[in-house]
Amino acid sequence: MPTERQLQNYAALIVKMGVNIQKDQELLIRSPIECAPFARQIAEAGYAAGAREVTILWDDEKFSKIKYTHSPLEVFESVPDWIAESNNYYARRGAAFVSIAAQDPDLFQLVDSAKLDAATKASFQAFKPFYDILDVNGIAWNVVSVPTAAWAKKVYPDCEAVEAVEKLWQAILKTVRADLDDPVAAWERHHAYLNEKVAYLNERQFARLHFKASNGTDLTLELPEGHVWAGGAERTAHGVAFFPNMPTEEVFCLPHRERVDGTAVASMPLCYQGSLIENFSLTFQNGKVVSYQAAKGEEALKRLLETDEGASMLGEVALVPAGSPISRLRTLFYNTLFDENAACHLALGRAYASCIKGGLQMSKDELKAAGANDSMTHIDFMIGTEDMEITAVSKDGQETILFHQGRWAV
């Protein structure tokens, strides 16, 4: 199991680099109850770094399943004000947010999908003030993970629970660089590497990208005028640097919502609302999914695409080399936080306003006019493969090979 030093390093990394807590700032931690010991360590690290107050909100997914099983549908069609305020209140106060993502991928498989959909839509509306602040980088936020027994057994099904948890701990610590003597310095070097790629792409301002792989992916997407690539650390509207995700290996942007054409074939399963969607593909025309198929979980894929109008359009394109530290582990984590950093990916749904020049100051209508997609959802799915070729095309038609055999060529 992790040493106390490694756990302290990880907690300090989350506080100092993840959300970059400022003196006298408030810190809100959302954590599964199974992860309580580590959530408390983050709290200790937060206070040590100068936080004024740390609050932990506990999630109990096993109780949630009981509630989904026995409560009627109408219970999930609204969110009590006091629950909505748990996010909205702290966001308005400029608190930093840390979320521990460690769900059991199989827990909600038999839950009524109508209840899950209703809860998703109601939550988006209830937490809209929080999301509005998040969308304009009004606060620092960070998503991390630690093992739970159920999740670890899913990742390592041939291991006993204790061994599975230990192996997952080792994998997580490695991917977030917390197994090193100086993880903060390691993250600073990693950020510099990502910044090189971001600077190159922003300088070139390519007009479109063409993805092609032997599994059937053949997709062209245009990038909006004034698009902005990002990766590694971001900055709040007040200038505070933070890392939204740990781990992170991607550089990302947004495609034009109406200018995506071709077929994207998923290279990994997608876990959505407790259902596993496997061997699926999406075909786009003028930005919108016009057909789809899945060997398993097609009904869940249908629900995702029908969440709202923007759910069947793309809000993100992300480039991740096949040789990233996570991809080298050859492990399917059933957790998007990790799986999205193992391969190039796309996201259905909402785009990030920061990926358009001046986007943080634009209205929803202005963002849409600029080409940004809007939705109550944002779901990543992986398309990167070992043989993926990505060709970038400039405004004057010149081609540049960005990725060859799944890796950066520039």
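Derivation of every value follows stated rules applied to the coordinates shown; laboratory data play no part. Because the structure is a prediction, the values reported are computed rather than measured. Don't worry about glycine lacking a Cβ; one is built from the backbone with ideal geometry, like all the others, and counts go over all protein chains shown.
The residue list 41, 75, 130 was ranked by how far each Cα lies along the charge dipole of the stretch 4-175 toward its positive end, using unit charges on Cβ atoms, and 41 comes out on top.
Taking 51 Å as R0, compute the FRET efficiency from the Cβ-Cβ separation of residue 79 and residue 398 and round it to 0.05.
On the way: r = 51 Å, r/R0 = 0.99.
Computed FRET efficiency for residue 79 and residue 398: 0.50.
Take every Cα pair under 8 Å whose residues are at least 6 apart in sequence, average their separation, divide by the length of the stretch 140-240, and the relative contact order is 21 percent. Distance between the 7 Å Cα→Cβ label points at residue 67 and residue 40: 2.4 nm.
Multiplying the residue separation of residue 182 and residue 330 by 0.36 nm and removing their Cα-Cα distance gives an extension gain of 50.7 nm.
For residue 121 and residue 92, what does the FRET efficiency come to when R0 = 22 Å and r is the distance between their Cβ atoms, rounded to the nearest 0.05?
Working: r = 23 Å, r/R0 = 1.03.
So the FRET efficiency works out to roughly 0.45.
When the label point is put 7 Å from the Cα of residue 24 along its Cα-to-beta-carbon vector, which residues of the stretch 123-146 have a backbone N closer than 18 Å? Of the residues in the stretch 123-146, none has backbone N under 18 Å from the label point off residue 24. Listed cross-link partners 121/302; 288/368; 115/153; 62/115 are compared with a 18 Å cut-off, the Cα-Cα value being larger for 115/153.
Kindly provide the helix-only [θ] at 222 nm of the chain, computed as the sum of -39,500 (n - 2.57) over DSSP H runs of four or more divided by all residues, to the nearest 500 deg cm²/dmol? If you can, show how the numbers build up before the last one.
Working: 13 runs with 134 residues, N = 410.
Calculated from helices alone, the mean residue ellipticity at 222 nm is -9500 deg cm²/dmol.
Each Lys and Arg Cβ is given +1 and each Asp and Glu Cβ -1; about its Cα centre, the stretch 4-175 then shows a dipole of about 440 debye. Label zone (residue 55, point 7 Å along Cα-to-C-beta; backbone nitrogen cut-off 19 Å) within the stretch 76-111: 79-100. Compared with the alpha-carbon gap, the fully stretched path from residue 261 to residue 234 is longer by 6.7 nm at 0.36 nm per residue.
When you count the other C-beta atoms within 10 angstrom of each residue and take the mean per peptide, 344-357, 112-125 line up highest first as 344-357, 112-125.
About its Cα centre, what dipole magnitude does the chain give when the only charges are +1 on Lys and Arg Cβ and -1 on Asp and Glu Cβ, stated in debye to the nearest 20? List each step's numbers first, then the result.
Values: 39 positive and 55 negative charges, 97 e Å.
In debye, rounded to 20, the chain gives about 460.
At a Förster radius of 41 Å, what calculated FRET efficiency corresponds to the Cβ-Cβ distance of residue 204 and residue 170, to the nearest 0.05?
It comes to 0.60.
Three principal axis extents describe the C-alpha atoms of the chain; from largest down they are 55, 50, 47 Å. For residue 16, a cut-off of 20 angstrom between C-alpha atoms picks up these lysines, skipping any fewer than 8 places away in its own chain: 174. Taking the charge dipole of the stretch 332-410 about its Cα centre, with +1 at Lys and Arg Cβ atoms and -1 at Asp and Glu Cβ atoms, the residue from 402, 371, 344 reaching farthest to the positive side is 371.
What are the membrane-span-like helices in the chain by this rule: whole DSSP H runs, Cα extent along the axis at least 27 Å, mean Kyte-Doolittle hydropathy at least -1.0? Working shown, then result.
Numbers: long enough: 183-204 (32 Å, -0.85).
Qualifying helices, which must be both long enough and hydrophobic enough, are 183-204.
Each principal axis of the Cα atoms in the stretch 4-175 has its own extent, and those three values, largest first, are 46, 45, 22 angstrom. The 3J(HN,Hα) values that the Karplus relation (6.51, -1.76, 1.60; θ = phi - 60°) gives for the stretch 335-342 are, in residue order, 8, 4, 3, 8, 5, 5, 9, 9 Hz. Gly and Pro appear as x.
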